[in-house]
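Novice: After the structure tokens below, expect a handful of questions from me.
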């Protein structure tokens, strides 16, 4: 068991805006077994974690939760937990760490990090239970990536068009063929992809880049004209940050029902750069530590 005391993270009952039911929908029976074992160490009962989101947060932020998932042999790490619980523990661990730091090493370019006094703003972002849930869901959603093909009727007849959740251009091309009521979902997933690529894989994203023709098409599909953003004028991370913000905004504007989830997306859209930097911190600290490769290889 780890020796460090539980971080003194503010956990007031009224602050938990994310519904416990959403967390419960993602957690497996094995996950709840881990959570129940840690609960007494976090000062709550096993019953409380099933009924109180604040109690569950106290468990997830406790060092014993991290040790339960990552404390075994390297070849058994995470086997007793679902990807969602693994990432929930990582997100809460990062939040706990940020209680005690003022500066963090921020991404400024491929293989380049500089210390910046921004620990407070990252701490504030993860201080929202809704944001912690959002980041956890985002990371877990990319452990299995959807891809496939759709048939599109063109002037030359029916054509087979491939798509992948890890290819912004192919995913954005679905906007040309899906019905209007499905567009919010595509916009949402495009925003997720932009945040995932720039937050978790900024080095790969920046070095791989995008061709000016592909940049132009992404901008056109997103309603951003050359008068607002010139293709080829910036790096891939900055471009996807701009597009990700735009895609999240379009997802919220075109959604037929203003759900709680869309309210979170609207908030992240306004602070997309901060969300990206938060993911940079979590990725550098925990996602790519030795013997951990949660996402495999990105396409080249």
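The values are calculated or read from the model by the stated rules, or taken from the named source; none is laboratory data. This one's a predicted model, so the numbers in the text were calculated from it and none came from an experiment. Methodologically, a virtual Cβ is constructed for each residue, glycine included, from the backbone with ideal geometry; neighbour enumeration extends over all protein chains shown.
Novice: I need the full set of residues from the stretch 64-90 which are farther than 21 Å from residue 42 by Cα and either at pLDDT below 90 or touching a strand residue (DSSP E or B) at 6+ places or on another chain (Cβ under 6 Å) (or both), in order please.
Specialist: 73, 74, 75, 76, 77, 79
Novice: Among the helices (runs of 4 or more DSSP H) lying completely within the stretch 30-143, list those that include at least 2 residues that are closer than 25 Å to residue 205 by Cα.
Specialist: Helices (runs of 4 or more DSSP H) meeting the threshold: 83-98, 119-126, 129-141.
Novice: Within the set of pairs 6+ apart or on separate chains, which have a first residue in the stretch 191-212 that is closer than 24 Å to residue 225 by Cβ, a second that is in a loop (DSSP other than H, G, I, E, B), and C-beta atoms under 6 Å apart?
Specialist: Final answer for the pair search is 212/231; 212/232.
Novice: Looking at (1) surrounded by fewer than 19 Cβ atoms within 10 Å (Cβ to Cβ); (2) touching a residue at least 60 places away in the same chain (Cβ under 8 Å), find the lone condition where residue 184 falls short.
Specialist: (1)
Novice: On to the next question. Show me the helices (runs of 4 or more DSSP H) entirely contained within the stretch 175-242 in which 3 or more residues are closer than 28 Å to residue 261 by Cβ, modelled with pLDDT of 95 or more and in contact with a helix residue (DSSP H, G or I) (Cβ under 6 Å, 6 or more places away or on another chain). Write out each step before concluding.
Specialist: On the way: elements: 183-200, 202-208, 212-221.
Hits in the stretch 175-242: 183-200.
Novice: On to the next question. If you check every pair at least six apart or on different chains, which have Cβ atoms under 9 Å apart with a residue in the stretch 33-58 that is more than 20 Å from residue 22 (Cα to Cα) first and a residue that is modelled with pLDDT under 95 and surrounded by fewer than 15 Cβ atoms within 10 Å (Cβ to Cβ) second?
Specialist: 41/1
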